[in-house]
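Visitor: This is the structure I have questions about; it appears just below.
FYI, it's all coordinate maths here, none of it is from the lab. A quick note: this is a predicted structure, and the numbers were derived from the prediction, not measured. Virtual Cβ from ideal backbone geometry, glycine too; neighbours counted across all protein chains shown.
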There are 2 protein chains.
Amino acid sequence: MREALLAHADGSARVDELLITSDAAARHPDLVTDAAALGVRLTTATDDVVAALSETVTPQGVVAVVGFLDVGLDTLVRQGPRLVAVLADVRDPGNAGSVVRAADAAGAGAVVFAGDSVDPYNGKAVRASVGSLFHVPIVTGVSVSDALATLRKAGISLLVADGAGEQDLDSTTLLHRPTAWVFGNEAWGVPREVIEQTDAAVRIPIYGRAESLNLATAAALCLYASARAQRQ
Amino acid sequence: MREALLAHADGSARVDELLITSDAAARHPDLVTDAAALGVRLTTATDDVVAALSETVTPQGVVAVVGFLDVGLDTLVRQGPRLVAVLADVRDPGNAGSVVRAADAAGAGAVVFAGDSVDPYNGKAVRASVGSLFHVPIVTGVSVSDALATLRKAGISLLVADGAGEQDLDSTTLLHRPTAWVFGNEAWGVPREVIEQTDAAVRIPIYGRAESLNLATAAALCLYASARAQRQ
């Protein structure tokens, strides 16, 4: 909630209204004063209303109505990002939110929810991002193919995480350039035609007997590998 | 299910019984013949029974009754592992299972469920491990303090993942030795007295504005950093 008000204060999001239970208002008087200072409309509501809106089993008694300011892909590339995560048809909101959190931690300049990817403002995705949805510019409403073409035209390398990739994440020398990482659907991975649009398919080495890694874990390993290489 | 039968075949686990619906038996005749060949008792059961036992909303129609063969910590250290994950009071089964999966992928020799950590055979933990619970030796029933003392006596370096650690994961030179990584509770992290028992507290650098990383993501980054350094 604090993240939402901070994002409102710095102009990266717009909080239209804060709904809060009287209990929560008593517990967090700073939220009430901050919202008032920022000109955010404050409405007290019953526990039931706030619980229903927060779509979670352990609601915290306060809900923000936020109008997100998605960034357009053209605007994004003009900012010259060094690191971007592209979700290609990622369907699970928990995974998507966790990737946003990892992308934020790794210092990425944006997360692109491309193709048939889940709505980034799905409640579960918002919660899994643990505030990072307010930190990292989000691009939506673009096909995977258009996203990759626009990023490439801006001089950004395209790498795709793929268990069968020809490059090994721990030994590849492709990581120091400005890079967009493409992460595919949890079940079927990245289709051949998307892989062909990228500069290289990179596999995370499996040193044990696991068949694969969780999508959010794989994304964190790839994004951090780039963050590290870009700073060396 | 195949992982369970494979583990039974190589002696790392004991499958006592396979309960299967007639639909699932028709879909997976190989499971039935494999179980029979391995001398595993096969029982056909109704959808309801299998669904209740599998504790999940989308049961696959087959449940294995597995007697796990936990490894003792003394046995483990005699095997001279190069990489170990120690869960110190990790309570969330999904996180714990994901750490087992990441530890398996990074080639770790064991995962120690120490202190008040969740039961590794909790259904949610088993599912989150995606088969890796059958690949990586699991140690249970040991206090965090005893686990660390035993590992240290065996000459294994003790590193703890800690957001306030004095060493940076991307620049520390401590990763090439045989190492046990300690990961703490999701909410309160690792207590001071545990940190004092380790050789160093290591933080994952946060290049953006995220406050922290998910436990399983953090574990994957730490374990892979060691796996990479040990192979250089």
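Visitor: Loop-only check: which GluC sites (Glu not before Pro) in the range A:1-89 are DSSP coil with at most 12 other Cβ within 10 angstrom? Don't skip to the answer; put the middle values down first.
Guide: Values: sites: A:Glu3, A:Glu17, A:Glu55; in loops: A:Glu55.
Hits after loop and neighbour filter: nothing returned.
Visitor: Now for a separate question. Report the Cα centroid-to-centroid distance between the range B:169-232 and the range A:154-232 in angstrom, as an integer.
Guide: Using only Cα atoms, the two centres lie 22 Å from each other.
Visitor: When ranked by the protection proxy of mean other Cβ atoms within 10 Å per residue, highest first, what sequence do the peptides B:215-226, A:209-220, B:163-174 form? Before the final figure, lay out the partial values.
Guide: Working: B:215-226: 26.5, A:209-220: 23.2, B:163-174: 14.0.
Highest-to-lowest ranking by the protection proxy: B:215-226, A:209-220, B:163-174.
Visitor: To continue, here is another question. Between copies, how far does the label point of A:Arg78 sit from its twins, in nm, shortest first, when each point is 7 Å from Cα along Cα→Cβ?
Guide: The answer, with the shortest distance listed first, is 6.9 nm.
Visitor: Further, regarding this structure: Quick check: pseudo-label points 7 Å beyond the Cα along Cα→Cβ at B:Glu166 and B:Asp16, how many nm apart are they?
Guide: Using points 7 Å along Cα→Cβ, the separation is 5.0 nm.
Visitor: Let me have the relative contact order for the range B:148-223, percent, based on Cα pairs under 8 Å that are six or more residues apart. Before the final figure, lay out each step's value.
Guide: Values: 102 pairs, mean separation 31.6, N = 76.
So the answer I get is 42 percent.
Visitor: Across peptide A:198-211, what mean number of C-beta atoms from other chains lies inside 10 Å of a residue's C-beta?
Guide: Working: counts 0, 0, 0, 0, 0, 0, 4, 7, 4, 12, 15, 10, 14, 8.
The shielding value for this peptide is 5.
Visitor: Using only atoms on other chains, find how many Cβ atoms lie within 10 Å of each Cβ of peptide B:215-228 and report the average. Don't skip to the answer; put the middle values down first.
Guide: On the way: counts 0, 6, 13, 4, 1, 10, 8, 0, 2, 11, 3, 0, 4, 6.
That average works out to 5.
Visitor: Among DSSP beta bridges lying fully in chain B, give the percent that are antiparallel, nearest 5. Each step should come with its number before you reach the end.
Guide: Numbers: 8 of 34 bridges.
Restricted to chain B, the bridges split so that about 25 percent are antiparallel.
Visitor: If you put a point 7 Å past Cα along the Cβ direction, how far is that point for B:Ala200 from the same point in each other copy, in nm, smallest first?
Guide: In nanometres, ordered from closest: 2.8.
Visitor: Also: So what's the back-of-envelope 222 nm ellipticity for chain B, counting only DSSP H runs of four-plus at -39500 (n - 2.57) apiece and dividing by all residues, rounded to 500?
Guide: Details: 10 runs with 89 residues, N = 232.
One gets -11000 deg cm²/dmol as the mean residue ellipticity at 222 nm.
Visitor: In nm, to one decimal, how far is the A:Ala37 label point from the A:Val49 one, both placed 7 Å along Cα→Cβ?
Guide: It is 2.6 nm.
Visitor: When only C-alpha pairs under 8 Å and at least 6 residues apart count, what is the relative contact order of chain B, in percent? Before the final figure, lay out each step's value.
Guide: On the way: 446 pairs, mean separation 44.6, N = 232.
After rounding, I find 19 percent.
Visitor: Which FRET efficiency value, to the nearest 0.05, do you get for B:Thr75 and B:Asp116 by plugging their Cβ-Cβ distance into 1/(1 + (r/R0)^6) with R0 = 22 Å?
Guide: About 0.45, to the nearest 0.05.
Visitor: Take every residue in peptide A:168-179, count the Cβ atoms of other chains within 10 Å of its Cβ, and give the average of those counts. Let's see the in-between values first.
Guide: On the way: counts 0, 2, 6, 3, 0, 0, 0, 0, 0, 0, 0, 0.
For peptide A:168-179, the averaged partner shielding equals 1.
Visitor: Another question, then. For B:Arg91, A:Arg82, A:Arg101, what ranking results if the residue with the fewest other Cβ atoms within 10 Å of its Cβ goes first? The partial results should precede the final answer.
Guide: Values: B:Arg91 13, A:Arg82 16, A:Arg101 29.
If I rank by nearby Cβ atoms, fewest first, I get B:Arg91, A:Arg82, A:Arg101.
Visitor: Which distances, shortest first and in nm, link B:Arg231 to the matching position in the other copies, using label points set 7 Å out along Cα to C-beta?
Guide: Label-point distances to the other copies, shortest first: 2.3 nm.
Visitor: Can you list the DSSP H helices in chain A whose Cα atoms extend at least 15 Å along the helix axis and whose mean Kyte-Doolittle hydropathy is 0.0 or higher? Could the numbers behind the result be given before it?
Guide: Details: long enough: A:93-105 (18 Å, 0.07); A:215-230 (22 Å, 0.98).
The answer, listed by residue number, is A:93-105, A:215-230.
Visitor: While we're on this one: Placing +1 on the Cβ of each Lys and Arg and -1 on the Cβ of each Asp and Glu in the protein assembly as shown, which of A:Val90, B:Gln230, A:Ala220 has its Cα farthest towards the positive end of the resulting dipole?
Guide: The residue sitting most towards the positive pole is B:Gln230.
Visitor: Relative contact order of the range A:42-122: what whole-number percent is it, with Cα pairs under 8 angstrom and at least 6 residues apart?
Guide: 27
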